[in-house]
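Input: a single structure, listed below in structure tokens.
The values are calculated or read from the model by the stated rules, or taken from the named source; none is laboratory data. As the structure is a prediction and not an experimental result, all values here were calculated from the model. Cβ sites come from the backbone with ideal geometry, for glycine too, and all protein chains shown count toward neighbours. Each accessible area value is taken on the protein alone, full model and side chains, heavy atoms only, with ligands, DNA and RNA left out. Shrake-Rupley method; radii C 1.70, N 1.55, O 1.52, S 1.80 Å.
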Amino acid sequence: MLSAAVTTHHPPLSYSISDKPFSSPFLNPFPPLSISKFPFFTSPKTPLKSVSATLIPPSPASSNQQQLYQPFRPPPSGLPSQFRSLDVASQLEILANRLGLWYEYAPLISSLMREGFTPPSIEESTGISGVEQNRLVVGAQVRESLVQSKTDPEVVSAFDIRGAELLYEIRLLNAAQRTAAARYIVENGLDAKGAQDLARAMKDFPRRRGDKSWECFNYSLPGDCLSFMYFRQAREHKNKSDQKTKALEMALDVAVSEKAKVAISKELERDGEESVGKDEEVRAGGRVPVLRMKIGEVAEASSVVVLPVCRAEEREREILEAPWECKSGGEFGVVVAEKGWTRWAVLPGWEPVVGLESGGVVVAFPDARALPWKANRWYKEEAILVVADRSRKEVNADDGFYMVAVEGGGNGHGGGLKVERGSALKQSGVLESLGTVVLVVRPSRDETDDQLSDEDWE
């Protein structure tokens, strides 16, 4: 260690006016210094400050602190005790022959990756595909979280045989949800698809706040979450149909709380009371459902409908030019249109649109002022999509809604396309429209926060 000492020499001042210094070598052992007659001014030859450095040996305490350094030691291995002493070749052999329970040898995959292996190289050596490797690793982590959450050992042991694919499906749930979902899967004997539907229903339930009868279902019960998913799917069918009745029956079968069962039973009774005459009235255009698109609804739908989109300000030109035929086929459901088009809309397979074999078209309006209904605040805030059937142009029902072209006027909307009631068109002598309106779609809106919290992550 270095220590810096600074010594400053100040010349003694003499009170004599003589040029000779007032000192004696016998009285002063230090050589005398000459002083200027003007003591307040420093001579240019005044000596500068000198700096000296001394090396101080380190103290015993500092040397002891340097000896506290320890080399890096990796964290303890997550492998089971029977696998920790195995070399790489032995680990590969265990994976290749599936020696042991799946959650015991699943950590070997992560161990091999730390040794420099990749999923393709592990697959080449063991025959376990990359997808299955991911399922094993994630499933083992989910199982460990169940153990840490003190889940009933009987429930955990139920996943000892071929449980990776089941536990993998509930990976996005938090710890409490995983415990409830695991118990429900075991008690009801769900397969991988059933576990996936259950996890999706539990994760999606809070986001559906505000939907009809949402408050009747208990969020803490996995059965109620699954029941609400079927109940919501049933309500996508606005008219009475076998699909709607089947979905309601499935919802009633899995419902747990009494409030949920009552809500589903009322919907079944209401569905059974609908007469054929009402169904015919709906088909004729007497009612037009207005639906708000839910976030992720297209991705979750079992079937979708692809329709060409026209802009309302283009009047009837685009409606007449838009493709009439748009069908999907083949093993991958590839959508093929009769001709090219620049704008398309993908909608869930709702009953009003799934029956459009040909002639279906979507008209995009900047707001809902083009609709002949009572003014509402959201009309000026949201863009809407209006689905029309061009194969039904004749104005039949007085209370039906039809797509027509209008000239610019004083209604604040300007020229373009507009939706009019059948009675108003008949009074004006209009007997043919551009198409019958079958559905109005409002945009999705994220009204609830459904992000994963810190405790939800792995």
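Placing dummy labels 7 Å off each Cα toward the beta-carbon, the span from residue 306 to residue 192 is 2.7 nm.
Count Lys and Arg as plus one, Asp and Glu as minus one, and take only other residues whose Cβ is under 13 Å from that of residue 119; the net charge is then -2. Counting only protein heavy atoms and a 1.4 Å probe, region 174-270 has 47 square angstrom of accessible area per residue.
Restriction of the GluC sites (Glu not before Pro) in region 105-189 to DSSP coil positions whose beta-carbon has at most 13 other beta-carbons within 10 angstrom yields 115. Put a dot 7 Å past the Cα of residue 320, heading toward its Cβ, do the same for residue 147, and the two dots end up 7.3 nm apart. Within the accessible area of region 317-361, the carbon and sulfur atoms contribute 55%, probe 1.4 Å, all protein chains present.
Between residue 398 and residue 346, full extension at 0.36 nm per residue minus the direct alpha carbon distance yields a gain of 15.7 nm. Express the carbon and sulfur contribution to the solvent-accessible surface of region 103-213 as a percent, rounded to the nearest whole number, probe 1.4 angstrom. Carbon and sulfur atoms account for 49 percent of the accessible area of region 103-213.
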